[in-house]
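*Asks:* My structure is below; once you've seen it, I'll send some questions.
The values are calculated or read from the model by the stated rules, or taken from the named source; none is laboratory data. Bear in mind the structure is a predicted one, so any value in this text is a computation, not a measurement. Virtual Cβ from ideal backbone geometry, glycine too; neighbours counted across all protein chains shown.
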Amino acid sequence: IVKKRPVLSGEEQFAVDDMWYSWYEPKHTIGKVQQWHGNAGAIIRCWAYYRRYGFGLKDMSEHAVLNANYLRHALHREAAAAGVSHMFVDGADAEVAKHEFTISLQPAKEAVGISAMDVAKGLLDQGYMAPTVYFPLVVPECMMFEPTETESRDTLDQFAKDFVKVLQIDADTLHEAPITTPVRRVDEVYAARNLCLKHPFDDE
C-alpha cells in the first residue's frame, strides 16, 4: 500500500517567506542523498560534447544506428557461413534496430551448455570488451551490442568473425574463459554477496 512516509533525505528546502529560504534536517534522516545541483560533472560533459560536435550529432547518431544494424546482420551472416546460426536468435522481433540490439543465446545454452556469460568471457580472450549480458531481463541469456559511430566496417566484420569463433569453442574450454587476461574468471556471485567497498588495509 502506497502512503505518505517521513522524508529521509538529509536536507529539505522550505520557504520562510516570499523571498528567503532556509534549510532544516528532518528528525528521521539518513543523511544527504544527492548533491544539490545533481550530477554536475555528467551535465558538464554532455554540454561540452554538444558544443564540440554541434550539428554533427545527427550524422553521428545515424552512423551509430547504421553500425548497429550492420553488425546485427554480420553476426547472422558469419554464423550461417560457419554452421552455427542455430546458436542464437534476435532478442527483439524488429526489422531495424536503433543504436543497439540484443540477441538471445538460450539456444546455445540448451544445445551445448554455453551461456551468455561464457561467450562474453570468451570475447575477452579475443581482445574485445565484453558486451552487456543479462540485460534486459526479458531476453533469456541476453547479450546487448552497442557499436559506436566510430567503429569501421572492417572492425565490425572482424568482430562478427571472432564472435562466431567463440561460439565454436567447446563448452568445457569456454567455461574456463578468459585465459589470456591478467585476472581469470571472477566469482561474480561471491562478489555480489560479499561487497568490499574499500581496500582492506593491513592495520585493520
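*Asks:* Exactly one of these conditions fails for Ser152: (1) surrounded by 15 or more Cβ atoms within 10 Å (Cβ to Cβ); (2) within 21 Å of Met60 (Cα to Cα). Give me its number.
*Replies:* Answer for Ser152: the failing condition is (1).
*Asks:* State which residue is modelled with the lowest pLDDT when the search covers only region 167-196 and only residues that are charged (D, E, K, R) and within 20 Å of Leu105 (Cα to Cα).
*Replies:* Result: Glu188.
*Asks:* Something else: Tell me which helices (runs of 4 or more DSSP H) are completely within region 87-204 and hold 3 or more residues being farther than 16 Å from Ala68 by Cα and of a type in the set (A, V, I, L, M), or say none if there are none.
*Replies:* 106-112, 116-125, 153-167, 188-193
*Asks:* Let me ask something else. Pick out the one residue from Leu71, Leu124, Leu66, Leu156 that is of a type outside the set (Val, Ile, Thr), at pLDDT 95 or above and closer than 30 Å to Val189 by Cβ. Full working, then the answer.
*Replies:* Working: Leu71 fails: closer than 30 Å to Val189 by Cβ; Leu66 fails: closer than 30 Å to Val189 by Cβ; Leu156 fails: closer than 30 Å to Val189 by Cβ.
When all the criteria are applied, what remains is Leu124.
*Asks:* Filter region 74-97 down to the residues that are within 22 Å of the chain's Cα centre (by Cα), of a type outside the set (Gly, Ala, Ser) and either closer than 18 Å to Ile169 by Cα or loosely packed, with under 12 Cβ neighbours inside 10 Å (or both) and list them by number.
*Replies:* Leu75, His76, Met87, Phe88, Asp93, Val96 - these are the residues of region 74-97 that are within 22 Å of the chain's Cα centre (by Cα), of a type outside the set (Gly, Ala, Ser) and either closer than 18 Å to Ile169 by Cα or loosely packed, with under 12 Cβ neighbours inside 10 Å (or both).
*Asks:* On the basis of being free of Cβ contacts under 8 Å to residues at least 40 places away in the same chain and either under 14 Å from Pro178 (Cα atoms) or of a type in the set (A, V, I, L, M, F, W, C) (or both), does Tyr128 make the cut? First the steps, then the outcome.
*Replies:* Values: free of Cβ contacts under 8 Å to residues at least 40 places away in the same chain: yes; either under 14 Å from Pro178 (Cα atoms) or of a type in the set (A, V, I, L, M, F, W, C) (or both): yes.
For Tyr128, the condition - free of Cβ contacts under 8 Å to residues at least 40 places away in the same chain and either under 14 Å from Pro178 (Cα atoms) or of a type in the set (A, V, I, L, M, F, W, C) (or both) - is met.
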